[in-house]
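Single-structure report; data block below.
The values are calculated or read from the model by the stated rules, or taken from the named source; none is laboratory data. If you're wondering where the values come from, they're calculated on a predicted model, not measured in any experiment. So basically every Cβ, Gly included, is an ideal-geometry build from the backbone, and we count neighbours across all protein chains shown. Just so you know, the surface numbers come from the protein's heavy atoms only, side chains and all, with ligands and any DNA or RNA stripped out. Shrake-Rupley method; radii C 1.70, N 1.55, O 1.52, S 1.80 Å.
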Amino acid sequence: MPRISAIRPPALAAALLALLPGAAAQRFEDVTAQAGIDFRHDNSKTPRKYLPETMGGGLAVLDADGDGWMDIYFVNGAKLSFPHRAGAEPDKSDPRFWNRLYLNNRDGTFREAAEEYGLQGRGYGMGAAAGDYDNDGDPDLLVTNAATGEAPAATLYRNEEGRRFTDVTAAAGLRARGWATSAGFFDYDNDGDLDLLILRYMQWRFDVDYRCGLEAGYGRAYCHPDLFAPQTNFLYRNNGDGTFADAGETAGIAGRPGKGLGAAFADYDGDGYLDIAVANDSFPQFLFRNRGDGAFSEEALLAGIAYDDDGREFAGMGAAFDDLDDDGRPDLVTTTLSQERYALFYNAGAGAFDYATGRSGLGAATQLFSGWGIAVFDADLDGSKELFFANGHVMDNIDQSQPHLRYLQPPLLFRREGRKFIDVSRAAGDLFGTRRAGRGAAAADFDNDGRVDIVVSNLNGRPYLARNVTATGNRWLGLQLIGCRSNRDGIGTTIKLTRAGGKAQYRTVARGGSYLSSRDPRVFFGLGENPQELALELRWPSGRSHVVQDLALDRLQRIAEDPDCERP
């Protein structure tokens, strides 16, 4: 039998829940100020409107200090000169440009510890990815940058037993250059350690000026990606000794240049290997099918996800690769620019997807929005997933050329009913009426009460922590997996939850997805009011499968892959 242990939620959780108003709807509360999170993203805006200024603002959720509570890492910009010299690395020495780490105090508050942990960063930051690449039991961190010249596009930090992080980029063999965006740790060859995907946006330089927007008479504007050539992405295979080997060419990733912004991972064809969905900006979308022999084939056109239902390219930004309808097959959601409608592709099986944006209700509801970060989670613990979107236009003067659009936009929350999505934002709390330039977003349970919260990073502004305060009597189950023959995080493990008289639920353990962000690696199931005869079926990346029936509800459980697991 696998090893199982329980982590009890704080004793205060039940009491707080009893005091909440008796709302039946999903409810969230902005607790950023009370939590002590005072970070402010600074994009170093210039009159020239360099394109990286409007694209940044990622984050990572991770248990940096190993205390069992999720912490938050925010990625920041850097000082840009005007004009900025080609090849010069933006200056991050001023603390206002530092990346910031907020450690969870386990009482609803956080303390800032970036300098203490050596995580101030370097260069013009974009996104972050967390994952235990050395299988030592603590999460490591990769930070991506909009870099030019010989400046590194990604920095790898090794977690030193929860006390500090060390920059091991060069020692690990990472040589990424250019404008990196989203990244993700995943085990593509199922050998028990985490490999690394790093996306790049485009071939871009500070010294090339297309004078965008001036001819139209609206003043400077951020340039359209069509003006720039596509760029290749990086795939690094973990050697198992603390180093990585560049496998992009041999694996077939580097041969497909694009304009990558969002990346998500799931086994869409059920063959036991993780595949990759890439959200490309104004370029055909990518779906890299893992062939299981160390290589990928790009299948987006054949699978039906490369374009919208009119055969047009769209501005893919964030991506979520999750099983929305609990049929055992991961679906794909991609956020887009205003006027394009967010793209929903239901997995139809046999390697094909069904474009369902229009008939799902997402099309009409997102027509005027520009989306970035995405979260898929069960907000009210009823057994059905919700969709969250962080929004905000690219152009800060979009209302001058298109008066019906806005630069600052509120977030959106959708409840699924069958194969449709209903906008429940207005009833979900005041924060859904506040307009921001939303970018990175991640779902995580910061107070360990089973109700998943949301954290969002906003461009050139303060983030917000949205605590889930939904009043519900529904039960829940939280899982933290410990891989033994598989990677320590259990990334790629598929989980099926069955219950007497109820529909099965499916999850895949992942950290990636969204936009420039990394989410809570733990898995949460909403169970409704009276769950009975529950059973979990787990399939690990190693190929091991087993069933767990002795489940403790309303708390987090650790489940190890093997009973004699020697990993911490």
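Taking ALA264 as the residue in question, decide whether it is open to solvent by less than 10 Å² (accessible area, probe 1.4 Å), touching a strand residue (DSSP E or B) at 6+ places or on another chain (Cβ under 7 Å) and in a strand (DSSP E or B).
Here the answer is yes, as ALA264 does meet what is asked.
Of everything listed in (1) aliphatic (A, V, I, L, M); (2) crowded, with 18+ Cβ neighbours inside 10 Å; (3) out of contact with any helix residue (DSSP H, G or I) (no Cβ under 9 Å at 6 or more places or on another chain), the single unmet condition for LEU227 is (2). Counting the residues of the range 484-500 that are assigned to a loop (DSSP other than H, G, I, E, B) and in contact with a strand residue (DSSP E or B) (Cβ under 9 Å, 6 or more places away or on another chain) gives 9. When residues in the range 297-313 are screened for being touching a strand residue (DSSP E or B) at 6+ places or on another chain (Cβ under 7 Å) and open to solvent by 10 Å² or more (accessible area, probe 1.4 Å), 6 of them pass.
The number of residues in the range 243-261 that are under 22 Å from GLY173 (Cβ atoms) and part of a loop (DSSP other than H, G, I, E, B) comes to 6.
Among the residues of the range 86-99, at least one is closer than 21 Å to ALA442 by Cα and buried (at least 24 other Cβ atoms within 10 Å of the Cβ). Candidates in the range 133-156 are the residues that are charged (D, E, K, R) and open to solvent by 10 Å² or more (accessible area, probe 1.4 Å); of these, the one that is nearest to the chain's Cα centre (by Cα) is ASP138. Taking residues in the range 173-193 that are open to solvent by less than 20 Å² (accessible area, probe 1.4 Å), and partners anywhere that are among the basic types (Lys, Arg) and part of a strand (DSSP E or B), the pairs with Cβ atoms closer than 7 Å and at least 6 places apart or on different chains are GLY178/ARG200; TRP179/ARG200; ALA180/ARG200; THR181/ARG200. Cβ-Cβ distances below 6 Å connect the following pairs, each with a first residue in the range 532-559 that is more than 24 Å from ASP275 (Cβ to Cβ) and part of a strand (DSSP E or B), a second residue that is aliphatic (A, V, I, L, M) and at pLDDT below 95, and a separation of six or more residues or different chains: LEU556/ILE7; GLN557/ILE4; GLN557/ALA6; ILE559/ILE4.
Among the conditions (1) touching a helix residue (DSSP H, G or I) at 6+ places or on another chain (Cβ under 6 Å); (2) under 23 Å from GLY57 (Cα atoms), the only one that PHE244 does not satisfy is (2). Might you check whether a residue that is touching a residue at least 60 places away in the same chain (Cβ under 8 Å) and open to solvent by 10 Å² or more (accessible area, probe 1.4 Å) occurs anywhere in the range 341-349? No, the range 341-349 has no match at all.
For the range 314-340, name all the residues that are among the acidic types (Asp, Glu) and either in a loop (DSSP other than H, G, I, E, B) or open to solvent by 40 Å² or more (accessible area, probe 1.4 Å) (or both).
Of all residues in the range 314-340, those among the acidic types (Asp, Glu) come to 322-323, 325-327, 331, 340.
Listed by number, the residues that qualify are ASP323, ASP325, ASP326, ASP327, GLU340.
Here ASP246 fulfils each of the conditions (1) touching a Leu at 6+ places or on another chain (Cβ under 8 Å); (2) surrounded by 19 or more Cβ atoms within 10 Å (Cβ to Cβ); (3) of a type outside the set (Lys, Arg) apart from (2).
Quick check on LEU80: is it over 22 Å from the mean Cα position of the chain (by Cα) and open to solvent by less than 20 Å² (accessible area, probe 1.4 Å)? It is true that LEU80 is over 22 Å from the mean Cα position of the chain (by Cα) and open to solvent by less than 20 Å² (accessible area, probe 1.4 Å).
Close Cβ contacts (under 6 Å, 6 or more residues apart or on different chains) running from residues in the range 277-295 that are among the aromatic types (Phe, Trp, Tyr) to residues that are surrounded by fewer than 22 Cβ atoms within 10 Å (Cβ to Cβ) and in a strand (DSSP E or B) comprise PHE286/GLU298; PHE288/GLU298. When restricted to residues that are at pLDDT 95 or above and either surrounded by fewer than 20 Cβ atoms within 10 Å (Cβ to Cβ) or within 30 Å of ARG555 (Cα to Cα) (or both), the range 13-44 contains 15. Could you list, in sequence order, the residues of the range 396-452 that are modelled with pLDDT of 95 or more, assigned to a loop (DSSP other than H, G, I, E, B) and more than 29 Å from HIS224 (Cα to Cα)? Selection gives VAL424, GLY429, ASP445, PHE446, ASP447, ASN448, ASP449, GLY450, ARG451, VAL452. Here the condition is being farther than 18 Å from PHE377 by Cβ and crowded, with 22+ Cβ neighbours inside 10 Å; of GLY501, GLY483, it holds for GLY483 alone. Tell me which residues, restricted to the range 361-376, are surrounded by fewer than 22 Cβ atoms within 10 Å (Cβ to Cβ) and touching a residue at least 60 places away in the same chain (Cβ under 8 Å). GLY361 - this is the single residue of the range 361-376 that is surrounded by fewer than 22 Cβ atoms within 10 Å (Cβ to Cβ) and touching a residue at least 60 places away in the same chain (Cβ under 8 Å).
When GLY294, GLY240, GLY217 are checked against the criterion of being farther than 20 Å from THR494 by Cα, open to solvent by 10 Å² or more (accessible area, probe 1.4 Å), at pLDDT below 95 and assigned to a loop (DSSP other than H, G, I, E, B), a single residue qualifies: GLY217. Just one of the listed residues (LEU141, LEU119) is in contact with a Gly (Cβ under 9 Å, 6 or more places away or on another chain), at pLDDT 95 or above and not basic (Lys, Arg), and it is LEU141.
State all residues of the range 501-531 that are touching a residue at least 60 places away in the same chain (Cβ under 8 Å), part of a loop (DSSP other than H, G, I, E, B) and not charged (D, E, K, R); if no residue qualifies, say none. Selection gives GLY502, ALA504, ALA510, GLY512, GLY513, TYR515, LEU516, PRO521.
For (1) in contact with a Gly (Cβ under 8 Å, 6 or more places away or on another chain); (2) of a type in the set (A, V, I, L, M, F, W, C); (3) under 29 Å from ASP430 (Cβ atoms); (4) at pLDDT 95 or above, each residue gets a yes or a no:
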| site | (1), (2), (3), (4) |
| --- | --- |
| VAL509 | yes, yes, no, yes |
| PHE524 | yes, yes, yes, yes |
| ALA535 | no, yes, no, yes |
| LEU538 | no, yes, no, yes |
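If only residues of the range 45-67 that are surrounded by fewer than 24 Cβ atoms within 10 Å (Cβ to Cβ) and in contact with a Pro (Cβ under 7 Å, 6 or more places away or on another chain) are counted, the one that is farthest from GLU160 (Cα to Cα) is ARG48. When each of ASP241, ASP207 is tested for being without any contact (Cβ under 8 Å) to a residue 60 or more places away in the chain and not basic (Lys, Arg), the lone residue that passes is ASP241. Would you mind stating whether PHE206 is closer than 23 Å to LEU59 by Cβ and either under 31 Å from the mean Cα position of the chain (by Cα) or of a type outside the set (Lys, Arg) (or both)? Taking the combined requirement at face value, the residue does not satisfy it.
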